[in-house]
1. Kindly indicate which of 32, 42 is closer than 17 Å to residue 13 by Cα, surrounded by 18 or more Cβ atoms within 10 Å (Cβ to Cβ) and without any contact (Cβ under 8 Å) to a residue 24 or more places away in the chain.
2. Filtering the range 50-64 down to residues that are buried (at least 17 other Cβ atoms within 10 Å of the Cβ) and within 15 Å of residue 6 (Cα to Cα), which residue is farthest from the chain's Cα centre (by Cα)?
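Values quoted throughout were computed directly from the atomic coordinates according to the rules given, and no laboratory measurement underlies them. Everything quoted here is computed from the prediction, not taken from an experiment. Glycine also receives a Cβ, built like all others from the backbone with ideal geometry; neighbour counts cover every protein chain displayed.
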């Protein structure tokens, strides 16, 4: 499973996100993820994917594509 697929699965399972709305250019705000939800998502990604995101700063203005890219780069490191 790719990083994008894993993140999509987590968004659908944990936040009830419509899978059709999860596209690289869509902002996390559009997916209704506020700062609390973003922190929860970060912790879920760390737990499920074994990636340390402590130094990654996410905001609701970030896109799904940017999130996937950041997680992918951290996982590869």
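1. Numbers: 32 fails: surrounded by 18 or more Cβ atoms within 10 Å (Cβ to Cβ).
Residue meeting the stated conditions: 42.
2. Applying the filter and picking the extreme gives 51.
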